[in-house]
Every structure is written in C-alpha cells, then in structure tokens.
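Below is one structure, written out as structure tokens; comments come after it.
The values are calculated or read from the model by the stated rules, or taken from the named source; none is laboratory data. Values in this document were obtained by computation on a predicted structure and should not be read as measured data. Here the Cβ positions follow ideal geometry from the backbone for every residue, glycine too, while neighbour counts run over all protein chains shown. For accessibility, only protein heavy atoms count, side chains too; no ligands or nucleic acids. Shrake-Rupley method; radii C 1.70, N 1.55, O 1.52, S 1.80 Å.
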Amino acid sequence: MAIPAARWAQKNWFPVVLGLILRLIQVQAPILGVHSWRQADTAAMARHFALEGTPIWLPQIDWSGASPGYVECEFPLYPYLLGQLYKLIGLHEWLGRGLSVLCSALTIVLIIRIGQLLLDPISAWWGGLFFAVLPLGVYYGRTLQAEALMLLLAVVSIERLLVWKQRHSRWALLTSWLAFCLACLIKVLPLIWLGIPLLMVQLQPQAIGPALSLGKLIQGLRKLARSPGPWLYAGSSIVIGALWFGYAYQVGQSTGLSFGFWGNNSDRSSLSLLLDINLWLNLLLRISKHIAVLGVPIVIFGLWESRRDAGGQILAAGLLSMGACTAVFLRASFIHEYYQLPLLIFLCPLMGRGWQSLTHLIKSKKLNYPWLNNFYLALIVAISLVVLNFDYWAIERQQAEIWMPLAQSIRKEVPSKARIVSVTGSDPSLLNLARRQGWLTTAKSINQAKLQAWETQGATHLVGSLNWEESFNPLSKGSARNNLQALLCEQPNSTYCPQIPHQTYLVPIKELIR
C-alpha cells in the first residue's frame, strides 16, 4: 500500500540519523587524508584563535617562518567558531569534525525542506536520503574545513527565500540575506552558484507551479531590475564581501602570506583549459563518482520529469550556475574536488524526483520485479560505501600510521613556542599535527646556507620523512633524496638517521650544520 505524503514528512529523521552515522565514522581521526593540506590550514587558524585569543579579523597559519603568521584568506568564520569551542573543551580534532557533522546534518534537514517547497514530500525525502549517503556529502560533511558551514548557509538562504515568497515574512527575508552574505564571505563563488538560483526563486510567481517561458523570465528580470529590493539584497552582500577581501588583501600585502587569490597562481581558467576535452571528461567522471555512478540516470530522469515545473527550473538554474563557476575556475575545480560539493544541493532533490518517478513508472508497467527498486538503491549505497572506504577512510588510516608517531614525538621533544622546518613541500599537515609553526621546504632545497639561515631565524628542528615529499605524495628516488639521507646519516651510528618502515626524522638543526 502506498504511503501517504504526510507520512513521509514524519520519517525525516531517518535520512538525518543515517547521515549522522556515516559522518561520525573516524570522527576522531587526525587531520590527514584527502585535502589534508586545506584542513590543516583551517585547523591551524582555529588553534591560534584559541591559544592566542586573536580577533576574527587576524587569522594565523603555521607556515609563517618566524612571523606571527597573519594571512590573507576568506572570512574565517568556521575556524573562529571552532576556536571558541577549543577554548571551552580543549584542542581536539573531533570537535572540528563534529562541528562539520552538525552543519551537514542540518543541511540534510533543509535539503528535505527545499524539496518539499519545490517538488513534493516524497521526492524531498528521497533527496534528503541521497544527500545523506552520497560519498562527496559524507566526506566533506566531516572534514575540518568551512565547506559544511558554507553549504548549510546556502540551503538556509534558499529555504528562507522560498518561505518569504510564500508568507512575505520579513524575518525570513532577512535570514536569507544574512545566510547568503556569510556564504559569500566564506567562499566567493556562492555569488554565482547561489545567487542565480536565488534570482530564479524571485522570478517565479510560486515555487510549485508551471515553469516560466523564456519570454516571461525576461519580463520578470526587467521588473526586478526596477525594484530596489533585489539590488539591495545582492548589492549589500557584494559591498560587504568587497570590504572583507579588500582588507584581507592588505593583510597579505603586509605579511607576504596569502592563499593566492590574486595573480597568476590564482587557479583561474584559460582558453586552453576550456578546450581540453580530456579535462572535462575527467571532471564528469569524478562527478559521476560523487553521485555513486548509478545516480547519473536518476538525475537525468528527475530533470526530465520536472522540466515543466517551477521547482525543476530553479534546480536546473543551480546546476547551470555551478557549470558557469566550473568554467570560470576550471583549474581550481579540477584540483579541488570540494568545489563540486554545492552540486549536491541541486542534484539530490532532482535525484529524489527521478527516483519517485522511476518507482511510479515501474508500478504502472506492472513489472513483476518488486525487488528491482530495492536492489538498485542498495547498489547506490554499496557504491557510496566502497568509494568512501577506499578513496577516503582508508587513506586517513594509512597516513595516520605514518605521521602521527612523528607528530607526537615533536609535541614531546620540541618546546611549544619553538619553530621547526617541515620538509613536506607546500603541505602544512605535519606542522598542524605537531601543533607548531615554522617553515615549509622541499628535500632539494636543503643545504648548509638554508640550515644556517633557518637557525639564525629561530628554527630548532628539521622534520619529515625520506619516503614522502608531502604527506600524500611520495618522494621519488634521486639526488635530492640521496643528499638528504646523507646529511641525516653521515655520522657513524647516527641516532638521527631515519629508520624503516616510514623513514621519519626529527633532527636538531644545529646537529646538521657543518
């Protein structure tokens, strides 16, 4: 017997609980694994906010050499909030992961709510379930970085604007604007991939109804252009964002420390990248993995089924805006897979709609395969778990075995205010694990002149592994590795010579200067 739509709303706890269970796996893991370098910077900011008591407008990182480490970055709301938790409870990585898990669980609730406002309760429930189990949402719903908070703010902004369209509640509109503004401060790109769907919500007479024709959309745009409300909503957000990023730029100019938002290394796109078919194919394959491969036909089916609906038009606008962001920041989108995370806001409700329509289609054809739907759904969950285990959780476990013993030794043997040199390329993961500031360098950059310069500036120890160039990238055999090994082991029976299996080392720099 079919379950009434009202009953589905009563079952909303199930996707939330399932999502929580998956996101709490290895929640106590150290900050290692996929994109650990990005998480390490966020964790370092939170640690410094807690220990140094600095205000939110002075974020600090670890790879600062002898300087305090004030850095140009996005608005550090997430690390600042985490820093306040550290002050109350102590420096524990699970607090950062837990904050992300909480944000992600609330996002599941609001994904369901958006589905109800745009589609129907059954599609909404399935959309929430897919968001709960798909690997991209699970992994980045528990990492120590701002993406989970940004995604929560994005869905709050959409849901509240939809409520304002229904009830004309000023509080709903104000909350939508505030969430949009904060999301754009945390990451700049929501101006596009969130701003366009919000504009589409404004254009629709009602969220659940027929889709607008191109002519009516243009008429609606002209009408909105003559209204001060949308200009105030978007313009004030842009002004606030410009004020922060202008200030952050000045910080970067004064300290020389930046995440590279400006200049030739800012991960923008180019004509050659846009015309690179292999890059686009690889990106599409990665996105298909993010929705467990079998989710691709469900998304297509959901798009087709909702093509004449206002809700489907809004969700499709979200997908198109994400495509535009990807094209503009193609290099960054290819390198950083979490750039695809906002896709789930729009894909999951469409998957829910596609799944419901597919179920009705099978029933209408009176096929004698009642187990088919359950089998297909079980395959999606199984693929998600396989991807999560081998692409994410296993890497965290493997890297923890390599790096945590060294990090613990640094914490014990090196004074907390001492500066160290981490031979991990541009990866600050070891600095964060050791909870120390200092320098990042490569094996090929180490020589007597550099060692003397680091010691002069206050560095006490050289740390790293002969097996790894970065925490996730092996150090290839060659002259750089051989020279470093000779430096560490040239003394007979040297106690600092790295030992198998992990070849890690913690050496006082004064012992290496000849």
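Across the range 241-251, which residue is nearest to Phe180 (Cα to Cα) among those that are over 23 Å from the mean Cα position of the chain (by Cα) and either small (Gly, Ala, Ser) or open to solvent by 50 Å² or more (accessible area, probe 1.4 Å) (or both)?
Leu243
Among Leu178, Leu182, Leu174, Leu152, which is in contact with a Cys (Cβ under 6 Å, 6 or more places away or on another chain), among the hydrophobic types (A, V, I, L, M, F, W, C) and open to solvent by 10 Å² or more (accessible area, probe 1.4 Å)?
So the residue among Leu178, Leu182, Leu174, Leu152 that is in contact with a Cys (Cβ under 6 Å, 6 or more places away or on another chain), among the hydrophobic types (A, V, I, L, M, F, W, C) and open to solvent by 10 Å² or more (accessible area, probe 1.4 Å) is Leu152.
With (1) touching a helix residue (DSSP H, G or I) at 6+ places or on another chain (Cβ under 6 Å); (2) free of Cβ contacts under 8 Å to residues at least 60 places away in the same chain; (3) open to solvent by 20 Å² or more (accessible area, probe 1.4 Å); (4) polar (S, T, N, Q) as the list, and Gln84 as the residue in question, which single condition is left unmet?
Only one criterion is unmet by Gln84, namely (1).
Pairs needed: first member in the range 431-454, within 22 Å of Glu93 (Cα to Cα) and without any contact (Cβ under 8 Å) to a residue 60 or more places away in the chain; second member anywhere, assigned to a helix (DSSP H, G or I) and small (Gly, Ala, Ser); C-beta distance under 6 Å; at least 6 residues apart or different chains.
Going by the 6 Å Cβ cut-off, the qualifying pairs are Ala434/Ala407.
For the range 431-459, how many residues meet the condition of being part of a helix (DSSP H, G or I) and either at positive phi or among the aliphatic types (A, V, I, L, M) (or both)?
7
Between residues in the range 275-287 that are under 26 Å from Cys348 (Cα atoms) and residues that are among the polar types (S, T, N, Q) and modelled with pLDDT of 90 or more, which pairs lie under 9 Å by C-beta distance while being six or more apart or on different chains?
Matching pairs, first to second residue: Leu283/Thr326; Leu283/Gln340; Arg286/Gln340; Ile287/Gln340.
Within the range 232-240, does at least one residue satisfy the condition of being of a type in the set (Phe, Trp, Tyr) and either surrounded by fewer than 19 Cβ atoms within 10 Å (Cβ to Cβ) or assigned to a loop (DSSP other than H, G, I, E, B) (or both)?
No: the range 232-240 contains no residue that is of a type in the set (Phe, Trp, Tyr) and either surrounded by fewer than 19 Cβ atoms within 10 Å (Cβ to Cβ) or assigned to a loop (DSSP other than H, G, I, E, B) (or both).
Yes or no: Ser270 more than 27 Å from Ala179 (Cα to Cα) and either hydroxyl-bearing (Ser, Thr, Tyr) or touching a Gly at 6+ places or on another chain (Cβ under 9 Å) (or both)?
Yes; evaluated as a whole, the condition is true for this residue.
Conditions tested, residue by residue: (1) open to solvent by less than 30 Å² (accessible area, probe 1.4 Å); (2) in contact with a helix residue (DSSP H, G or I) (Cβ under 9 Å, 6 or more places away or on another chain); (3) under 30 Å from Leu32 (Cα atoms).
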{"residue": "Val138", "(1), (2), (3)": "yes, yes, yes"}
{"residue": "Leu162", "(1), (2), (3)": "yes, yes, no"}
{"residue": "Lys165", "(1), (2), (3)": "no, yes, no"}
{"residue": "Leu203", "(1), (2), (3)": "yes, yes, no"}
{"residue": "Arg226", "(1), (2), (3)": "no, no, no"}
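When you go through Gln399, Gln408 one by one, which is the residue that is touching a residue at least 12 places away in the same chain (Cβ under 8 Å) and of a type outside the set (Val, Ile, Thr)?
Exactly one residue qualifies, and that residue is Gln399.
In the range 383-418, how many are β-branched (Val, Ile, Thr) and surrounded by fewer than 12 Cβ atoms within 10 Å (Cβ to Cβ)?
0
Residues that are in a helix (DSSP H, G or I), modelled with pLDDT of 95 or more, closer than 26 Å to Glu396 by Cα and of a type in the set (S, T, N, Q): does the range 37-54 have at least one?
There is at least one residue in the range 37-54 that is in a helix (DSSP H, G or I), modelled with pLDDT of 95 or more, closer than 26 Å to Glu396 by Cα and of a type in the set (S, T, N, Q).
Within the range 103-126, how many residues are of a type in the set (Gly, Ala, Ser) and more than 20 Å from the chain's Cα centre (by Cα)?
The qualifying residues number 3.
Can you tell which of Val17, Val27 is of a type in the set (A, V, I, L, M), touching a Phe, Trp or Tyr at 6+ places or on another chain (Cβ under 7 Å) and surrounded by fewer than 20 Cβ atoms within 10 Å (Cβ to Cβ)?
On inspection, the qualifying residue turns out to be Val27.
Checking Leu91 against (1) part of a helix (DSSP H, G or I); (2) more than 19 Å from Leu440 (Cβ to Cβ); (3) open to solvent by 40 Å² or more (accessible area, probe 1.4 Å), only one condition comes out false. Which one?
Going through (1) part of a helix (DSSP H, G or I); (2) more than 19 Å from Leu440 (Cβ to Cβ); (3) open to solvent by 40 Å² or more (accessible area, probe 1.4 Å) one by one, Leu91 breaks only (1).
Filter the range 443-472 down to the residues that are among the polar types (S, T, N, Q), within 17 Å of Trp403 (Cβ to Cβ) and open to solvent by 20 Å² or more (accessible area, probe 1.4 Å) and list them by number.
Once the filter is applied, which keeps residues that are among the polar types (S, T, N, Q), within 17 Å of Trp403 (Cβ to Cβ) and open to solvent by 20 Å² or more (accessible area, probe 1.4 Å), the range 443-472 yields only Asn467.
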